Each structure stands twice: as structure tokens, then as C-alpha cells.
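Written below as C-alpha cells is the structure these notes are about.
The values are calculated or read from the model by the stated rules, or taken from the named source; none is laboratory data. This is a predicted model, so every value here is computed, not measured. Cβ placement follows ideal geometry from the backbone for every residue including glycine, while neighbour counts extend to all protein chains displayed. The accessibility values were calculated without ligands, DNA or RNA, using every heavy atom of the protein model including side chains. Shrake-Rupley method; radii C 1.70, N 1.55, O 1.52, S 1.80 Å.
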Amino acid sequence: MVKVLMVCLGNICRSPLAEGILKSKIDTNKIFIDSAGTGGWHIGELPDKRSIDVAKNHHIDLNSQRCRKFTISDFDNFDFIYVMDKSNYKDVISLARNEDDITKVHYILNEINSNEILEVPDPYYEGASGFEIVFQMLDDACEIIADKLNKNE
Ligand code: 4NP
């Protein structure tokens, strides 16, 4: 079974959205999707209400998700690790033990544009409109990821 992990800083805003969006585009019996944060401030919590609300507006339910922290064992347990920004990339790569670990880590927006590194902005300190913009970015990227996964499942 292919396993995909979405990673952001807090695991309450961006990566829970990425997890929920990708799950809505694939068969969860065949592909495993999870998310984690590089920071541990919100462990065990639900996603941010603004992420839950924007997902709900798009008929995606995030209420079964709980925040957890990224761990080194995630390199063993996942095939693809998608990060949102350069800071997440640096934090995840700093835990990599070898080249195999490093090659699993990708910028999620590079699925749309591989020419330059683009970042999903952290909407934590923004209003609801920031969450809708993030939703659209992640939806575009997840559409491409889902196409690839569904072809190879
Ligand atoms: P996220 O946003 O990385 O998209 O989940 C954040 C959520 C919480 C915090 C930082 C970023 N925080 O510092 O608590």
C-alpha cells in the first residue's frame, strides 16, 4: 500500500487540509494518507476551526483528525512526504538518516510547478480568506498527486 504523509509546522492548519483533500480524491482502502507537524504545540488537538470550516465548505470532513508530531519513524512508514514550506523542509531533512530518507521529501507545490520552490503560506495568523487561498493551492496540488497515485495504485 502506498503511504503519503503531509507535513506542516503545527499540523492544525495546512497539513490537515492537505490530508483531507487528498483523501477525497483517492481510494483510502488502497492508499494511506496521514499528516504530522514538525512542532508539538497542539498534539492531540483537532485541526484549527478555520481549516475545519473551509474544508466543510468544500464537503470535506476533518473532524476525525488529531494533531501529531513528525517522527524519524515516519521516514520508514511513508513513501512520499510532502512539506508546505522551506522551514518544514529544513526541519524534516534535519532528521533524515540517509539519502533514501531525503529523497522521500518533496515540496507539495512542486507538483504543480517544478521550476521553482513555491511555499504554501502559513494561514495561522490570517483570516478565513487566507484559509480559502490555501485550500485552493492544496486542491490543485492534490489533484496532480491523486492522478499519479491513482494510475500507480
Ligand atoms: P500550520 O499552522 O503549520 O499550517 O498547522 C500553524 C499552526 C500553529 C502554529 C504555527 C503554525 N503554532 O505556532 O502554534
TODO: Say whether the condition of being in contact with a Gly (Cβ under 8 Å, 6 or more places away or on another chain) and of a type outside the set (Phe, Trp, Tyr) is met by at least one residue in region 13-21.
DONE: yes
- [ ] Evaluate the following for ARG97: is it more than 11 Å from the ligand (Cβ to nearest atom), over 20 Å from ILE12 (Cβ atoms) and open to solvent by 60 Å² or more (accessible area, probe 1.4 Å)?
- [x] yes
TODO: Name every residue in region 34-54 that is within 13 Å of the ligand (Cβ to nearest atom) and over 20 Å from SER87 (Cβ atoms), in order of residue number.
DONE: GLU45, LEU46, LYS49, ARG50, ILE52, VAL54
- [ ] Select from region 124-140 the residues that are within 13 Å of the ligand (Cβ to nearest atom) and in a loop (DSSP other than H, G, I, E, B) and write down the one among them that is nearest to LEU17 (Cα to Cα).
- [x] TYR124
- [ ] Name the residue, out of ILE60, ILE72, ILE117, ILE102, that is surrounded by fewer than 16 Cβ atoms within 10 Å (Cβ to Cβ), modelled with pLDDT of 95 or more, part of a loop (DSSP other than H, G, I, E, B) and not aromatic (Phe, Trp, Tyr).
- [x] ILE72
